[in-house]
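Novice: Input: one structure, supplied below.
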Amino acid sequence: MGKISIRIGDNFHSYYNGHIGYEVDPKFQGRGYARRACQLVLEVARAHGMTRLYLTCGEDNVPSYRTIERLGGRLLEICGIPRDYFAWYEGIPRHRIYQLDL
């Protein structure tokens, strides 16, 4: 159906990469699976003493930012990505950066 990952801890890259990454296979999209999976891994973050997470997506990724907003994420900014970000590449889209307080 898809996959989810959580990145524990903070560093420069956490802000742009986000603490949670998820993908839903196309035939399962639109059913709320990403939101539910995120809700489950929030407990993992809490168990590691995290009190807030950054969640990010491409500026135009409507399904992803709707998922983040439904989780309670607060939009911090829409920004370009700095060249010293580990996953930077020419043409990388602007990102929506959200904070989710736990």
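The values are calculated or read from the model by the stated rules, or taken from the named source; none is laboratory data. Keep in mind that what you see is a predicted model, and the values were worked out from it rather than measured. When we count neighbours, we look across all protein chains shown, and the Cβ atoms used for this are built from the backbone with ideal geometry, even at glycine. Surface areas here come from the heavy atoms of the whole protein model, side chains and all, with no ligands, DNA or RNA. Shrake-Rupley method; radii C 1.70, N 1.55, O 1.52, S 1.80 Å.
Novice: Could you give the length gained on full extension between CYS79 and ARG46, defined as 0.36 nm per residue of separation minus the Cα-Cα distance, in nm?
Specialist: Stretched out fully, the CYS79 to ARG46 stretch lengthens by 9.1 nm.
Novice: A follow-up question, please. Compare the Cα positions of GLY18, GLN29, ILE6 along the charge dipole of the chain (+1 at Cβ of Lys, Arg; -1 at Cβ of Asp, Glu; about the Cα centre) and return the one farthest towards the positive end.
Specialist: The listed residue farthest towards the positive side: GLN29.
Novice: Relative contact order of segment 16-69, please, whole-number percent, based on alpha carbon pairs below 8 angstrom and at least 6 residues apart.
Specialist: The value is 48 percent.
Novice: For Cα pairs less than 8 Å apart in space and 6+ apart in sequence, what is the mean separation divided by the residue count of the chain, i.e. the relative contact order in percent?
Specialist: 30 percent
Novice: So which residue, out of ALA45, ALA34, ALA87, gets the largest mean-square fluctuation from a GNM of the chain using Cα contacts under 10 Å as springs?
Specialist: It is ALA87.
Novice: Label point 7 Å out from TRP88 along Cα-to-Cβ: which residues of segment 1-36 have amide N under 15 Å?
Specialist: Once the point is set 7 Å along Cα→Cβ of TRP88, 12-17 turn out to lie under 15 Å by backbone N, inside segment 1-36.
Novice: Around ILE20, which amide H atoms from residues at least 5 apart in sequence, or from another chain, sit under 5 Å from its own amide H, with H modelled in the peptide plane?
Specialist: Amide H neighbours of ILE20: ARG7, THR56.
Novice: Further, regarding this structure: For segment 74-88, take each phi angle, set θ = phi - 60°, evaluate the Karplus expression 6.51 cos²θ - 1.76 cosθ + 1.60, and give the result in whole Hz per residue in order, putting x for glycine and proline.
Specialist: Result, rounded to whole Hz: 10, 5, 8, 5, 10, 9, x, 9, x, 4, 8, 5, 4, 9, 5.
Novice: What are the ³J(HN,Hα) values, in whole Hz, obtained from phi via the Karplus relation 6.51 cos²θ - 1.76 cosθ + 1.60 with θ = phi - 60°, for each residue of segment 19-29 in sequence order, with x given for Gly and Pro?
Specialist: 8, 10, x, 8, 9, 10, 4, x, 6, 10, 5
Novice: Using only protein heavy atoms and a 1.4 Å probe, report how much of LEU71 is accessible, in Å² to the nearest 10.
Specialist: Accessible area, nearest 10 Å²: 30 Å².
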